[in-house]
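Heads up: the structure comes next, in structure tokens.
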């Protein structure tokens with residue numbers, strides 16, 4: 001049974017680099033200087049040199065902590081860990097929360113076994129576990145429910161159609177960015193395939209998924225293939241809606257199903273520029289992609305697709321301009337269901353303004369109106 005094109009785009013959001021699940025060790029910053037920090041570990045589980053470290057700042061009024069730095073464990077002595085900071089997006093300070101991902105933990109001298117040494121406890125690193133939803137621009141609602149037993153429920157819902165699939169999954173949070181693997185799909189055209197992708201949790205609580213990963217290639221987030229999924233406010237259900245009717249071989253096609261003339265299949269100049277822009281962006285040529293999309297808008301200011309893609313590519317750099325593009329796309333084509341995306345961007349923009357003043361800010365993207 002063939003599903004909507006955008007549905008397959010979403011399915012390809014998941015990647016696998018390893019089947020292991022790392023344990024999480026927590027602690028607090030005791031002091032920091034330059035590119036190093038001293039951390040005091042909670043409990044008795046100890047990390048190993050080279051383990052991944054993330055340092056968080058608790059933002060007042062926010063449900064999630066804000067990541068301010070990441071790095072690696074440089075040295076371990078008793079319950080004190082020296083951290084080498086490799087990437088800082090804010091100021092590292094005393095008492096900030098530290099989370100260390102460790103594939104194997106040891107016991108601190110003189111301490112009893114800790115819950116963190118067991119991957120079956122709540123400290124096990126599986127941030128993707130739970131229910132997530134995403135609304136595609138065409139109005140398709142896609143939901144994933146990642147269960148504690150390693151199974152995932154995948155639901156695709158349209159106005160008159162719904163499809164449910166069940167598969168297995170595993171995550172690897174020791175990699176940066178995190179990876180997840182979906183396999184053993186019970187049905188659909190993807191049966192027998194392993195699906196790969198990368199993900200990370202955003203400071204506003206959303207799940208960022210990249211949709212263009214391939215096995216044995218370096219992971220890279222691309223704006224075209226990235227979606228932001230929100231926590232579901234209610235459990236994911238298994239809707240029972242019939243699939244759209246498909247014509248049988250004995251039914252003659254109607255005139256509306258007849259092939260269109262070749263001249264009609266030739267894309268218009270602005271559509272050709274949009275296709276070129278997407279191809280450039282996929283190759284990592286962001287400047288060339290923006291140049292092509294600007295030309296498409298100049299050629300046809302009423303092309304909603306051009307505004308949509310421009311908004312997708314600039315939303316991490318210039319949220320207000322991206323929101324304006326999404327609103328313009330909806331104005332030109334009311335069939336585009338972008339309101340949920342617009343609302344989510346407005347919430348993220350508001351949270352961005354409440355972050356501490358020390359740290360990176362979004363760079364404004366210069367572009368034509």
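Each label was represented as a point 7 Å from its Cα along the Cα-to-Cβ direction; for residue 49 and residue 302 these points are 6.8 nm apart. Rounded to whole Å, the principal axis extents of the Cα atoms in region 23-105 read 33, 26, 19, largest first. In this calculation the C-beta distance from residue 331 to residue 30 is compared with R0 = 56 Å, giving a FRET efficiency of 0.55. Label sites at residue 271 and residue 129, each approximated as a point 7 angstrom past Cα along Cα to Cβ, lie 4.8 nm apart. The gain in end-to-end length when the residue 80 to residue 93 segment is fully stretched comes to 3.1 nm, 0.36 nm per residue minus the alpha carbon separation.
Bear in mind these aren't lab numbers, they're just calculated from the coordinates by the rules spelled out. These numbers were taken from a predicted model, which means no experiment stands behind them. In this analysis, Cβ positions are derived from the backbone assuming ideal geometry, glycine residues included, and neighbour counts consider all displayed protein chains.
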